[in-house]
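For reference, the structure discussed in these notes is given below.
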Amino acid sequence: MKYRLTLISIFSLLILFYCKPKTDNEDQTTAIPPDSVVTEVVEAQLSAVKVKIAYEGVANDSIRLAMETFSPLHDIYTLSRQAIYTRDSIERIRGTLELSDLQDSLVFAPFETKAYEAMLAYKKSMQAGTAPHEACPELIQLNRVTGTEDSSTYALPPAGASQLLTDGNFFFLGGRPFIYKLSPEDNAVYTSPDGKPETRFECSVTENTNYLLKSIYHARHPKTTIAFGPPLRSYDSGPQEVNGIGTIIHEFTSRIPLYFLTTRGAVPAHLISITVKIVPESLGCVSDQPRIEFACATSLESEDILAVYIPYQGDSKVSFTVNNPNSTVWTADLNRDGIADIACVSATFEGISSDTLAEVLWFVNIQGTWQIIDWGQDLDCT
């Protein structure tokens, strides 16, 4: 509303200034300002309007719960927390990370054994292609809430009448500045299954990373190779692990096709793995959300990738024409019909240590209305 009031004020002042009563010696031809003057004034005022993102997150309702709950992992999460927190509690009581007393191990070892057995059972089940049977909502069904101070939608142009994404049969992840290029160790190069060089990227910050695992298995039922990652770190405890395991890595036997929506257009790429932590890392400045890894045969940089689009219909034809009116807003057309299907609004905020940090909202056009589809914010920590 503040944005609209600003525009109204601008034009009201212009009308008052240029339509004031004329004196006898005033040239009547100067009553109407040149278009260039109006344009310069409006553009100057618009550039001074700072977009305010006041995003409050997804409403904590049954749709969110269904979207983020992946039932096959439930026992692993529950048992791992019991094992790790029990051991941590004993370490604090003993004042040491080296527990050598047999009585101590008799307390936490049964929890570790059960958690590890759950991991092995999960690995066997997922590699066989077992998929959860519970329903999975679509991203566009999530109720994303903004505060009264939010002005992000006012920065967007009007949404045209688009039906392209109305069925919700897709997944979306926000891109820059929350997607990162990976560097292989020892100056090696990443290669695809057929031995060709490729570039790898990862993301773990935007809100939708929490929902991708459930959505992919519901839509595609992919066979998966399960690997176990190293212990997690913590500030005030020992390594967070069960039998040396801190993460569960889902590597897809058949890579999931997707598109990087880039400044160059739609670039084919693949989803290759999703990694989840068995407990929060409790380290600070580290995301505890799932880590998503991608592969792309095209040479790209992180800043090229505006978003990630996964159509769940294999025959979907995707183009990507981006319109970048200013550094705060961009819109894009996914099917070359001249109507914007995706939009993005960027803003900044002051962090705890007075750093200027990024915050971004992505939108999709649902029947002529802009609807938030993902959100990302730099981790704010010292």
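Measuring max minus min along each principal axis, the C-alpha atoms of the range 207-249 give extents of 40, 25, 9 Å (largest first). Pairs spanning more than 32 Å between alpha-carbon atoms, out of 123/317; 114/196; 50/277; 114/223; 50/317; 50/181: 123/317; 114/196; 50/277; 50/317. Accessible surface computed residue by residue for the range 158-210, with neighbouring protein chains in place and a 1.4 Å probe, gives 50 Å² per residue.
Full extension of the chain between residue 113 and residue 313 yields a length gain of 67.8 nm, computed as 0.36 nm times the residue separation minus the alpha carbon distance. Centroid-to-centroid, using Cα positions, the range 184-263 and the range 111-129 are 18 Å apart.
Carbon and sulfur: what percent of the range 247-357's accessible surface (1.4 Å probe)?
On the way: 2180 of 4640 Å².
The computed percentage sits at 47.
Taking Cα pairs under 8 Å and at least six residues apart, what relative contact order does the range 265-374 come out at, in percent? After rounding, I find 15 percent. Among 360, 51, the sequence by solvent-accessible area, most first, with a 1.4 Å probe is 51, 360.
How much of the accessible area of the range 186-233, probe 1.4 Å, is carbon plus sulfur, in whole percent?
Numbers: 1130 of 2260 Å².
With neighbouring chains kept in place, the figure for the range 186-233 is 50 percent.
Rg and Dmax, both from the Cα atoms of the range 134-266 and both in Å, are 19.0, 55. For the range 299-363, applying the loop criterion from DSSP together with a ceiling of 13 other beta carbons within 10 Å to the GluC sites (Glu not before Pro) yields 301. The modelled label-to-label distance for the pair residue 89/residue 134, using points 7 Å beyond Cα in the direction of Cβ, is 2.6 nm.
The values are calculated or read from the model by the stated rules, or taken from the named source; none is laboratory data. Since the structure is predicted, the reported quantities are computational estimates derived from the model, not experimental observations. Here Cβ is always computed from backbone atoms with ideal geometry, including for glycine, and neighbour counts include all displayed protein chains. Note: areas computed on protein heavy atoms with side chains; ligands, DNA, RNA excluded. Shrake-Rupley method; radii C 1.70, N 1.55, O 1.52, S 1.80 Å.
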